[in-house]
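S.K.: First the structure, then my questions, so here it is.
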Amino acid sequence: MRLSLFFSLIFIPLFAQVNYPKDYFSPPMKIPMQLSGNFGELRPNHFHAGFDFKTLQKEGIEVYAVADGYVSRIKISTFGNGKTIYITHDNGYTSVYGHLQRAAGEIADLVKKTHYEEQSFEIERYLKPGELVVKKGQVIGLSGNTGASEGPHLHFEFRDNITEHIINPMLFGFDKFLKDSKNPVIFNIYAYPLDNASIVNQSKRPLLLNLSLQKDGTYLADKVVASGKIGFGINTFDYDDVSFNKNGVYKVQSFYNGNPNFGYQFDTYSFDEMRYVNALIDYSMYKKTQQRVQKLFMKAPYGLSIIKTNASNGVVNVVPNLTAQYRIEVADFFGNTTIVTIPIVNGILPAIIEKEPTSKYFVKAKNESNFSKDNISVFFPANTFYEDFNLNFDVRNDTLYLHDDSVPAHANFTLEIEDRKFSEAQREKLFIASIGSKKLGYNTTFRKGNVFTTNVKTLGKYALVVDAVPPKISISKPIEGLWLTDKKSIQFTISDELSGIKSYNGYLNGKWILFEYDNKTKKITHNFSDGIVAEGANELKIIVADNLGNSTIFETRFFRSQKQ
């Protein structure tokens, strides 16, 4: 009893709630609130930083300031959140609105002015208090599908003004705009042997456990017969009452013989912690099956602040004569909870032994490592990886075979390749490429003589590649010599097969013009409403350059009348 009380005193304060204002902020749109993604959801290489609101499967829904404040930052990017507006509020928080189609009113005027001042589509501008004030309920933009969005929606966040930590919008009372009476769904549970001496149900590898529904609505897992150190992992998601999206769960907590063992809940965290999603999940299984199994243990501790654990970091030590009970509780923000009980007994059954691959290259995660062969070397700083592992390292036919992407890297590591076969002219066009199954990936490459270096975060195949091919510029229908009076815009497709587009610029009658770039479609668009187009004849020039300095120039002449 004293031990149970001790653990309760440890865990309860760690998940205590801050008193966030519940009625200060209003919804950012006036359509019914439906989520296509929630806070903390597991995404590739990051946790989701806010809410993704559905926008009736279309763009152009009015987006409103959720409270009084001032526009503190505007960012336009071809990736990430695309066109984004940040509003800082007097109560200590900032609201963020991403993937917008465009800004509205004075904000739109400032955005256009900045584009032309910086002669760039991608811009980032910070504003001071009082410079661009907005009121609660003011239209600040229209919803869109810009940046890395995979469909029309509004990405919305709350951030702390001082720490810049992101905060679950539910904590600000947004739960009252949503309906969720459904318990989280547990798709599967795995038991993990955690060292060479551990066995789970005759297996030395992660083992899927069968679940059976009980009369009280909880689940009972197969009995685990084990010895040594083991852990558990869970694949889970949540539905609400109004959509069919698989959303992330809010809270996971495990108990060992009634005592808190390992847990986390998605209230707030920093952007520096985002990549720890690869430590939380079974990354190798994710790469093989696309299942994100969340591990309820840490073989080696890592710095994800939302995790609260006991002294064993969630690891269960199954010793002789042990009979124990492991319980997992998964909950959404509304308190709907799914519970699984897993019986554990000590037993040594004949194990199915699979020979582990060995390598002469061993990486100790906490130490720096340097490996070389032929003309290629790799340097891993300390704490590049989460756990120690046997590295597959080889160089064949001038290609580096650096393990594979089944082991996640948390930080950058350095590749260095000494060139021994290309001419001096070709070296001007060399870069270190990631070699995928379907295409090459560009990595920013530095050259010193015949030595090339790059910093990357992914294990896999790499080699030096020559890019002497210029980008392509195309238009669906030629406009040479045509009148475009009835057209509101002109659009081109730009692409580069190797190192990728670095810059593009358009000039109309010698003046720089704004072309908006959509990375998903590879199209650039200029709207005549910018007011640069001349009455009558217009000379258009477009220059596109890739990351190795290859460039293409497209020139044409068209006519347009502004007199409608």
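S.K.: For the range 362-391, what are the residues that are closer than 25 Å to Leu464 by Cβ, of a type outside the set (A, V, I, L, M, F, W, C) and in a strand (DSSP E or B)?
M.R.: Ser369, Asn370, Ser372, Lys373, Ser377
S.K.: Just a yes or no: is a residue in the range 471-478 closer than 25 Å to Gly549 by Cβ, surrounded by 14 or more Cβ atoms within 10 Å (Cβ to Cβ) and aliphatic (A, V, I, L, M)?
M.R.: Yes - at least one qualifying residue is present in the range 471-478.
S.K.: Looking only at the range 318-336, count every residue that is at pLDDT 95 or above and not in a strand (DSSP E or B) and tell me the total.
M.R.: So the count comes out to 5.
S.K.: Looking only at the range 508-522, how many residues end up being surrounded by 16 or more Cβ atoms within 10 Å (Cβ to Cβ) and either without any contact (Cβ under 8 Å) to a residue 40 or more places away in the chain or among the basic types (Lys, Arg) (or both)?
M.R.: 2
S.K.: A further question follows. Tally the residues that are under 13 Å from the mean Cα position of the chain (by Cα) and buried (at least 22 other Cβ atoms within 10 Å of the Cβ), restricting the search to the range 39-74.
M.R.: Residues that pass the stated criteria total 6.
S.K.: Hey, another quick one. What tally of residues in the range 309-338 results from selecting those that are surrounded by fewer than 19 Cβ atoms within 10 Å (Cβ to Cβ) and either among the β-branched types (Val, Ile, Thr) or under 30 Å from Lys176 (Cβ atoms) (or both)?
M.R.: Going through the range 309-338 one residue at a time, the tally reaches 7.
S.K.: From the list Ser243, Ser254, which one is within 30 Å of Asp160 (Cβ to Cβ), among the hydroxyl-bearing types (Ser, Thr, Tyr), outside any strand (DSSP E or B) and in contact (Cβ under 8 Å) with a residue 60 or more places away in the chain?
M.R.: Of the residues listed, the single one that is within 30 Å of Asp160 (Cβ to Cβ), among the hydroxyl-bearing types (Ser, Thr, Tyr), outside any strand (DSSP E or B) and in contact (Cβ under 8 Å) with a residue 60 or more places away in the chain is Ser243.
S.K.: Let me ask you something else. Condition test on Leu304, is it surrounded by fewer than 19 Cβ atoms within 10 Å (Cβ to Cβ), of a type in the set (A, V, I, L, M) and either modelled with pLDDT of 95 or more or not assigned by TED's automatic domain parsing to the domain that holds Leu213 (or both)?
M.R.: Criteria met by Leu304.
S.K.: Just to be sure, is Ile31 more than 30 Å from Thr309 (Cβ to Cβ), in a loop (DSSP other than H, G, I, E, B) and either in contact with a helix residue (DSSP H, G or I) (Cβ under 7 Å, 6 or more places away or on another chain) or modelled with pLDDT of 95 or more (or both)?
M.R.: Considered against the rule, which asks whether it is more than 30 Å from Thr309 (Cβ to Cβ), in a loop (DSSP other than H, G, I, E, B) and either in contact with a helix residue (DSSP H, G or I) (Cβ under 7 Å, 6 or more places away or on another chain) or modelled with pLDDT of 95 or more (or both), Ile31 comes out as yes.
S.K.: Here's something else I'd like to know. Under the condition of being out of contact with any Phe, Trp or Tyr (no Cβ under 6 Å at 6 or more places or on another chain) and of a type in the set (Lys, Arg), which residue from the range 72-88 is farthest from Pro28 (Cα to Cα)?
M.R.: Lys75
S.K.: Let me ask something else. I'd like the full set of residues that are within 19 Å of Ile348 (Cα to Cα) and either part of a loop (DSSP other than H, G, I, E, B) or not assigned by TED's automatic domain parsing to the domain that holds Val293 (or both), limited to the range 206-215. So that I can check it myself, show each step before the final result.
M.R.: From the range 206-215, those within 19 Å of Ile348 (Cα to Cα) are 206-209; that's our starting set.
Pro206, the sole residue that qualifies.
S.K.: Among the residues that make up the range 472-493, is at least one of them closer than 24 Å to Thr114 by Cβ, within 29 Å of the chain's Cα centre (by Cα) and without any contact (Cβ under 8 Å) to a residue 40 or more places away in the chain?
M.R.: So far as the range 472-493 goes, no, none of its residues is closer than 24 Å to Thr114 by Cβ, within 29 Å of the chain's Cα centre (by Cα) and without any contact (Cβ under 8 Å) to a residue 40 or more places away in the chain.
S.K.: Right, another one. All but one of (1) without any contact (Cβ under 8 Å) to a residue 24 or more places away in the chain; (2) within 28 Å of Met274 (Cα to Cα) hold for Lys421, so report the exception by its number.
M.R.: (2)
S.K.: Give me the residue from the range 389-436 that is on the phi > 0 side of the Ramachandran plot and at pLDDT below 95 and, out of that set, surrounded by the fewest Cβ atoms within 10 Å (Cβ to Cβ).
M.R.: My answer is Asn397.
S.K.: Ok, one more. Counting only residues that are on the phi < 0 side of the Ramachandran plot, outside any loop (DSSP other than H, G, I, E, B) and exposed (fewer than 15 other Cβ atoms within 10 Å of the Cβ), how many does the range 531-550 have?
M.R.: Filtering the range 531-550 for residues on the phi < 0 side of the Ramachandran plot gives 532-535, 537-548, 550.
Within this subset, residues satisfying the condition of being outside any loop (DSSP other than H, G, I, E, B) are 537-546.
From what is left, the residues that are exposed (fewer than 15 other Cβ atoms within 10 Å of the Cβ) are 537, 539.
So the answer is 2.
S.K.: Regarding the range 264-277, can at least one residue be identified that is at pLDDT below 95, surrounded by fewer than 20 Cβ atoms within 10 Å (Cβ to Cβ) and polar (S, T, N, Q)?
M.R.: No, there is no match, as no residue in the range 264-277 is at pLDDT below 95, surrounded by fewer than 20 Cβ atoms within 10 Å (Cβ to Cβ) and polar (S, T, N, Q).
S.K.: If you don't mind, there's one more thing I want to ask. Out of all the residues in the range 263-285, is one or more part of a strand (DSSP E or B) and basic (Lys, Arg)?
M.R.: no
S.K.: Moving on. Would you be able to tell me the number of residues in the range 181-205 that are in a loop (DSSP other than H, G, I, E, B), out of contact with any Lys or Arg (no Cβ under 6 Å at 6 or more places or on another chain) and crowded, with 20+ Cβ neighbours inside 10 Å?
M.R.: Counting residues in the range 181-205 that are in a loop (DSSP other than H, G, I, E, B), out of contact with any Lys or Arg (no Cβ under 6 Å at 6 or more places or on another chain) and crowded, with 20+ Cβ neighbours inside 10 Å gives 1.
S.K.: Okay, next question. Can you go through Leu100, Leu154, Leu127 and tell me which one is crowded, with 20+ Cβ neighbours inside 10 Å and either in contact with a Ser or Thr (Cβ under 6 Å, 6 or more places away or on another chain) or without any contact (Cβ under 8 Å) to a residue 40 or more places away in the chain (or both)?
M.R.: After ruling out the rest, the residue left standing is Leu154.
S.K.: Please verify whether Ala311 is more than 14 Å from Gly233 (Cβ to Cβ), within 24 Å of the chain's Cα centre (by Cα) and among the small types (Gly, Ala, Ser), treating the condition exactly as stated.
M.R.: No; evaluated as a whole, the condition is false for this residue.
S.K.: From the list Leu14, Leu42, which residue is at pLDDT below 95 and not assigned by TED's automatic domain parsing to the domain that holds Leu304?
M.R.: Result: Leu14 is the single residue among Leu14, Leu42 that is at pLDDT below 95 and not assigned by TED's automatic domain parsing to the domain that holds Leu304.
The values are calculated or read from the model by the stated rules, or taken from the named source; none is laboratory data. Remember, it's a predicted structure, so these values are computed and weren't measured experimentally. Neighbour counts run over all protein chains shown; Cβ positions are idealised from the backbone, glycine included.
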